[in-house]
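Below is one structure; the comments refer to it alone.
The values are calculated or read from the model by the stated rules, or taken from the named source; none is laboratory data. This one's a predicted model, so the numbers in the text were calculated from it and none came from an experiment. Please note: Cβ atoms are built from the backbone with ideal geometry, for glycine as well, and neighbour counts cover all protein chains shown. With ligands, DNA and RNA removed, areas are computed over all heavy atoms of the protein, side chains included. Shrake-Rupley method; radii C 1.70, N 1.55, O 1.52, S 1.80 Å.
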Amino acid sequence: MITIKSVQDIEKMKAAGRVVEETLQLLERSVRVGITTEELNRIAEEHIRSRGAYPTCLNYNGFPKAICISVNDVVVHGIPGPLKLRSGDIVSFDVCATLNGFVGDAARTVPVGDVAPETLELIRVTKECFFKGIQFARPGYRVSDISKAIQAHAESHGYGVVRELTGHGVGRQLHEDPEVPNYYSPRARQRLEAGMTIAVEPMITQGKRDVWQDDDGWTIRTRDGKPAAHYENSIAITDGAPILLTCSEGIE
């Protein structure tokens, strides 16, 4: 069931979103060669808690850490641990924070040291996919219009679009209706209306779109071992342009 948010609800989601954005900015500043993903997880958790929020990912369906950190061929749901970042890596942070009963959810992929130009291009295009998609995040359009725009932009650059994971509604819960695929699906026919809040999150691969899951039950990797990038924001549908709840840079 889709929950329509009030103006007051959306203001609370903005506050949660600010915590998420701050955390992502802090993580990007903290990335360096040799730092472990466990240390980055600690930095994120400490900041989220310092702002009076709770790291939503922690213990969510059993996930053991405060945030998801995914390196290189890991698409999403990487578990922070002793892995040290190396020059040439790319690292995706998926950060969720709950504040005053509402969730903010966003993700970014950032380079580590000297990264190959073609991989930097993957990061750039993945972000572009998000902004292409939300051009249709307005009343009267359907979820599938967002999905179609994301897929078209990614595939125009020769990239794969992951099918097994999607965006989603977000609000009092991390995952709410509707599902928001990054590829066209005739099932995604829900019409958008003011007050809906969704997380749009392109997950784009440099090679083929096929993925597999590690034995840990969480980590999702590209099957061909090529890099993947992830860009996500929580947004609110309004009578006009959507509001970015986890990003202050504005709509491109």
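Summary table
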| item | result |
| --- | --- |
| Strands (runs of 3 or more DSSP E) contained entirely in the range 153-218, each with at least 2 residues that are over 13 Å from the mean Cα position of the chain (by Cα) and farther than 23 Å from Pro55 by Cβ | 176-180, 211-213 |
| Residue within the range 30-38 that is touching a helix residue (DSSP H, G or I) at 6+ places or on another chain (Cβ under 8 Å) and either of a type in the set (Asp, Glu) or within 20 Å of Ile69 (Cβ to Cβ) (or both) present | yes |
| Every residue from the range 75-128 that is of a type in the set (S, T, N, Q) and touching a helix residue (DSSP H, G or I) at 6+ places or on another chain (Cβ under 6 Å) | Asn100, Thr109 |
| Among the residues listed as Thr56, Thr3, Thr36, the single one being hydroxyl-bearing (Ser, Thr, Tyr), out of contact with any His (no Cβ under 6 Å at 6 or more places or on another chain), at pLDDT 95 or above and open to solvent by 40 Å² or more (accessible area, probe 1.4 Å) | Thr3 |
| Qualifying residue in the range 88-110 (condition: at negative phi and open to solvent by 50 Å² or more (accessible area, probe 1.4 Å)) | no |
| Subset of the range 111-137 (residues that are small (Gly, Ala, Ser) and on the phi < 0 side of the Ramachandran plot) | Ala116, Gly133, Ala137 |
| Extreme residue, farthest from Tyr159 (Cα to Cα), among residues of the range 219-252 that are of a type in the set (Gly, Ala, Ser), in a loop (DSSP other than H, G, I, E, B) and within 17 Å of the chain's Cα centre (by Cα) | Ser248 |
| Those residues of the range 211-239 which are over 22 Å from Gly104 (Cα atoms), among the acidic types (Asp, Glu) and surrounded by 14 or more Cβ atoms within 10 Å (Cβ to Cβ), in sequence order | Asp224 |
| Selection count where residues are under 23 Å from Leu122 (Cα atoms), among the small types (Gly, Ala, Ser) and buried (at least 18 other Cβ atoms within 10 Å of the Cβ), scope the range 145-187 | 5 |
| Residue check, Ile251 at pLDDT below 95 and in contact with a strand residue (DSSP E or B) (Cβ under 7 Å, 6 or more places away or on another chain) | yes |
